[in-house]
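As structure tokens, the structure follows; a few thoughts come after it.
The values are calculated or read from the model by the stated rules, or taken from the named source; none is laboratory data. Remember, it's a predicted structure, so these values are computed and weren't measured experimentally. Here the Cβ is made from the backbone with ideal geometry for all residues, glycine too, and neighbour counts use every protein chain on show. Note: accessible area is taken over every heavy atom of the protein model, side chains too, but ligands, DNA and RNA are not part of it. Shrake-Rupley method; radii C 1.70, N 1.55, O 1.52, S 1.80 Å.
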Amino acid sequence: MLSETRQKPTVVINGIYELICPLASGGTAVAWSARRKGDDKSLVFKAYREPVAAAAVAEARRLRAVRHPAVVEVLDVGVVEWSELARPLRTPQEAAPERPDAGEEGTAAEAGSPPPDAPASGTPFVVTAFVPGIDLEQYLQRLPESRRDAAAAELLAQGLAALAHLHRRGLVHRDLHPGNLRVADAGGAPRLTLLDFDLSIPIGRTAPPGGRLGFIPPEQILGRAEPRSDLWALAAAVRWSLTRRDLLTNAPELPSAPSAWVPRLLASDPLPLGRVRPAGPASLARTLDRCLARDPSRRPASAREALSWLDPERAAREAPPDPWAFDPPFVGRGAELSRLAAWLDDPDPDRPFVACVVGPEASGRRRLVAEALRQATERALLAGRRPPRIAQYVVDQVEAGRTLLRGLLAEPAAPDCIALDATALGREAAAFAEQVAHVLRAAAELGPGGAPVTRAVLALPAPTPSVPGTERLELTPLSIDEIRTLL
């Protein structure tokens, strides 16, 4: 008969989830090994801190609609309402899984006191299924050399199938790396699961750069992630786990200095896998190389297409991707883009502080502004300069826009450029643009000498009249001949 071991006090949340020990703790969240009262199901309980709590919980709610064998299951999303200490009598075999190096971390310092980092009342949380296994890099490196290529191809195929499902449901993961790709043995075959969706966003939404150095695609560094960004990150994770070589430099370690690695990432395609692992299968090398193209438009159009190069039968079972999930590359408007870029790069304080991009609906105002800001960020990174701090908002009421502007300028590190979509203001757009120009000019005059000034670029509806003291770019709909040329 197994002897029982008395555990130190644990915390039970809302009478349901018993937190056993912390698995990981960071600036935004603490993840706990946990079990559910009643059925003793092993879980991961993640308690979030501000300012990311609201966004992380919102994405977890969306993820609950995603059901796929290779995507971690979200079981509950909620808020800590109450907690209590518990001192259960449990056998070692009943203990929830802990990481090997956990030691005494997460247990109470003394009897009767809650564990450190125990979530307080009001803390948002997400509960996911506990996924056994090891990370992708550990799994591939433990295999005999003769089996690694086949295993890497199979796990890449499983990951692409999971991404096809995820993207079809409107989400971009944004944080794929070997640590977020868990591999377990299932009847002698590897089974992959995608973990940690804290950085995920709905398709089409912009977000600050995020991810792990070495596995962040070029466009995500510039603040724009799309489904093909996940293809790049998954391919980078599989390639590193297989070769243990940096995909840009072929160095035997991951990059640690963003200032050296980011400009290379934005300017260069990765080394072909065939040069690093010449004996590997051609289909695996071709799929990884295409997914790792620097320009998203040169990558497979979808995870399903990439999967078809590895496993056509499996790809045929996947639903076609949503055509609205993929933005076409920015084309045309070269003269307007150059002019807006010149305004963004010109440090002359006598130049207008506001640029107005005016045009009718579907003339490309928002895309032009977004592309100009993306290119400005890319130019700064390639030149080794700090990228501009950019704030992007939609303004549909003048008073709300004024309040927003004052709040942004009052921040300790005010944005270098504020991009405002004011196309919904109609006849009030010109007056609002004039107020923005006045406020930014006053802020520059009252600020300390030599301090960076804040500029704003506004997307405005036609026919907004000219606004004194602003730079004006007027867009007209493309002609049929221009459209044919672009196509």
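Side notes on the structure shown:
- Mean Cα-pair separation over length for the chain, i.e. relative contact order, pairs under 8 Å, 6 or more apart, %: 11 percent
- Per-residue Karplus couplings for region 226-233, computed as 6.51 cos²θ - 1.76 cosθ + 1.60 with θ equal to phi - 60°, are listed in order as 9, x, 5, 5, 5, 4, 4, 5 Hz, Gly and Pro entered as x.
- The trypsin sites (Lys or Arg not before Pro) of region 173-243 that meet both conditions, a loop assignment by DSSP and at most 14 other Cβ atoms within 10 Å of the site Cβ, are ARG205.
- Accessible surface, the chain, averaged per residue in Å² (probe 1.4 Å): 48 Å²
- Qualifying trypsin sites (Lys or Arg not before Pro) in region 332-427, DSSP loop, other Cβ atoms within 10 Å at most 11: ARG385
- FRET efficiency estimate (nearest 0.05) - Cβ-Cβ, LEU143 to ALA86, R0 60 angstrom: 0.90
- Cα extents of region 198-353 along the three principal axes, largest first (Å): 60, 38, 32
- Near ALA355, the amide H atoms lying under 5 Å from its own belong to ALA456, VAL457, LEU458, GLU471; only residues 5 or more places off or on other chains count, and H is placed 1.01 Å from N.
- Amide H contacts under 5 Å for THR123, placed H, 5+ residues apart: VAL80
- Separation in nanometres of the label points that stand 7 Å from Cα toward Cβ, at ASN250 and ARG389: 4.2 nm
- Using a probe of 1.4 Å on the protein chains alone, the accessible area found for LEU213 is around 40 Å².
- Given R0 = 51 Å, the distance between the Cβ atoms of SER466 and ALA65 translates into a calculated FRET efficiency of 0.60.
- Sequence of TRP232, TRP82 when ordered by accessible area, the most exposed leading, probe 1.4 angstrom: TRP82, TRP232
- Accessible area (Å², 1.4 Å probe, nearest 10) - ARG264: 110 Å²
- Rolling a 1.4 Å probe over the protein heavy atoms leaves TYR393 with an accessible area of roughly 100 Å².
- Cα-based Rg / Dmax (Å) for the chain: 25.8, 87
- Rounded to the nearest 20 debye, the dipole magnitude of the chain is 800 debye, with +1 charges on Lys and Arg beta carbons, -1 on Asp and Glu beta carbons, and the Cα centre as origin.
- Sites excluded, GluC sites (Glu not before Pro) in DSSP loops with at most 14 other C-beta within 10 Å, longest stretch of the chain: 111-252
- 3J(HN,Hα) from dihedral phi, region 193-198, Karplus parametrisation 6.51/-1.76/1.60, rounded to Hz, x for glycine, proline: 9, 7, 10, 6, 9, 4
- For region 264-269, the Karplus equation 6.51 cos²θ - 1.76 cosθ + 1.60, evaluated at θ = phi - 60°, returns couplings of 5, 4, 6, 10, 10, 7 Hz by residue, with Gly and Pro reported as x.
- Built amide H within the under 5 Å cut-off of ALA24, gap 5+: ALA31
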